Amino acid sequence: MIKMATKDLTAGMVTAAPVYSKTGQRLFDANTMLTSQKISYLEFYGVEWVQVLPEAEIEEPEIPDAPEPDSSQAPKPAADTVSYSQKVKRSKNFHIFKVDYSKKTKMLEDSFSHLIDKSQPFEPDALLEQISSLYSNHLTSLSVFDMLHNMRQIDDTTYAHCINVAIICRMMGKWLELPESDLEVLTLAGLLHDIGKCRVDPKILTKPGTLTPEEYRHIQRHPALGAEILADYPLDGRVRSAVLMHHERCDGSGYPSGLHKDDISEFAKIVAIADVYDAMTSNRCYRKGICPFEVIATFERIGFEKYESKYLLPFLTHIIDTYLGNTVLLNDGSSGKVIMVNTQFLSRPVVSTEQHEYLDLSKHPELYIQAII
Ligand SMILES: [Fe+2]
Ligand SMILES: [Fe+2]
């Protein structure tokens, strides 16, 4: 068995042990032959190290049917996204947001420790009130997503992630036209979903490199630990079930119980989408930034078996809608403006080119959106 950095992997190598994402999701089984697409997939999920078999031990490895992005959509470093990101970071709105966000992550850290040591009575409304300024200060959907993406490049803690997931959940709830009372419950579910990570050994959570199977098992306990922390508090049951089930997947591939679609609570299914979206767009040291169209493409490839489509489809459609009218860079170096969304193929909208021609990306598999500029 050889420990290999993901950046040094080459097609044809075979995994010697199951490969997990940082949140403990199983990406590939042992004995999986790596292809360039699978390596991109590992990079996309921020996997830094993989155990591979020495060449002499490779016999006839199986290539499972695990979903993966195809080569035309495989995530690639988007070198130019930084310019769009810089525009956002220089804005006055971002500066105001950043100051408020930093204050709120610190407050959430304190609130979580009070919840864990039961030193203060739990007041859900007060907890929600703490973060409400982050989504109620007249920001458009696009602004909120831009702020969140850029903040995550600055603050990568569990608290920042929980705040992001809460805000994304709230936006999803609005898009799904949930009543205000449900919006509050859903936002709270997002805010508390990873509270169990506070009971996971921080050395494991931040450990660089490959985790041992024992360490993965430890991380995978965080949903149950979270539910345990909240067990004694008078809370809407949908919050507790979302905390417990947010890593379950509709195809039964999740944890801790391997539940299938019908057995997973509705709010857990929504939190799961917000959670993975934030993980995909969070800071990665080897990437300057990420293009939302890459994320959509990945969801299109792997999402619909694992996530509830009645929540995933409106979510992706609304995200794409927020980028209508934006100028994008294509992988052939040309640029254009997104003018129409293709609901059958969300990552491939119609783009108006510099020559004022309409380019339907769904009919050009060789092209994809590399960055928003
Ligand atoms: Fe989690
Ligand atoms: Fe999470």
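The values are calculated or read from the model by the stated rules, or taken from the named source; none is laboratory data. From a predicted model like this one, the values you see are computed outputs, not experimental measurements. Every residue, glycine as well, gets a Cβ built from its backbone with ideal geometry; the counts of neighbours run over all protein chains shown.
Laid out as a table, the results:
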| read-out | value |
| --- | --- |
| Subset tally (residues that are in contact with a strand residue (DSSP E or B) (Cβ under 9 Å, 6 or more places away or on another chain) and within 15 Å of Phe293 (Cβ to Cβ)) for region 343-359 | 6 |
| Helices (runs of 4 or more DSSP H) within region 174-289 that include 2 or more residues under 18 Å from the mean Cα position of the chain (by Cα) | 180-192, 222-230, 237-245, 266-281 |
| Positions within region 186-202 being buried (at least 22 other Cβ atoms within 10 Å of the Cβ) and either away from ligand 1 (no atom under 13 Å from the Cβ) or without any contact (Cβ under 8 Å) to a residue 12 or more places away in the chain (or both), in sequence order | Leu186, Thr187, Leu188 |
| In region 1-16, residue nearest to ligand 1 (Cβ to nearest atom) [restricted to those that are surrounded by fewer than 18 Cβ atoms within 10 Å (Cβ to Cβ) and in a loop (DSSP other than H, G, I, E, B)] | Met1 |
| Residue within region 138-147 that is at pLDDT 85 or above, away from ligand 1 (no atom under 16 Å from the Cβ), within 22 Å of Ile296 (Cβ to Cβ) and not β-branched (Val, Ile, Thr) present | no |
| Residue satisfying all of: in region 314-346; assigned to a strand (DSSP E or B) and without any contact (Cβ under 8 Å) to a residue 40 or more places away in the chain; nearest to Gln370 (Cα to Cα) among these | Ser335 |
| Conditions (1) at pLDDT 75 or above; (2) more than 16 Å from ligand 1 (Cβ to nearest atom); (3) surrounded by 17 or more Cβ atoms within 10 Å (Cβ to Cβ): number failed by Pro75 | (1) |
| Condition check for Pro223: within 16 Å of ligand 2 (Cβ to nearest atom), in the same structural domain as Met107 (by TED's automatic domain parsing) and either under 17 Å from Met280 (Cβ atoms) or out of contact with any Cys (no Cβ under 7 Å at 6 or more places or on another chain) (or both) | yes |
| Long-range neighbours under 7 Å by Cβ, at least six apart or interchain, first residue closer than 20 Å to Leu244 by Cβ within region 271-283, second within 11 Å of ligand 1 (Cβ to nearest atom) and among the polar types (S, T, N, Q) | Ala279/Thr23 |
| Flag if Arg301 is modelled with pLDDT of 90 or more and among the basic types (Lys, Arg) | no |
| Among residues of region 336-373, those that are within 12 Å of Ala297 (Cα to Cα) and basic (Lys, Arg), counted | 1 |
| Residue match in region 209-223 (condition: modelled with pLDDT of 95 or more, surrounded by fewer than 22 Cβ atoms within 10 Å (Cβ to Cβ) and within 16 Å of ligand 1 (Cβ to nearest atom)) | yes |
| Candidate set from region 351-373 (those that are touching a Leu at 6+ places or on another chain (Cβ under 7 Å) and in a strand (DSSP E or B)); member that is surrounded by the most Cβ atoms within 10 Å (Cβ to Cβ) | Ile369 |
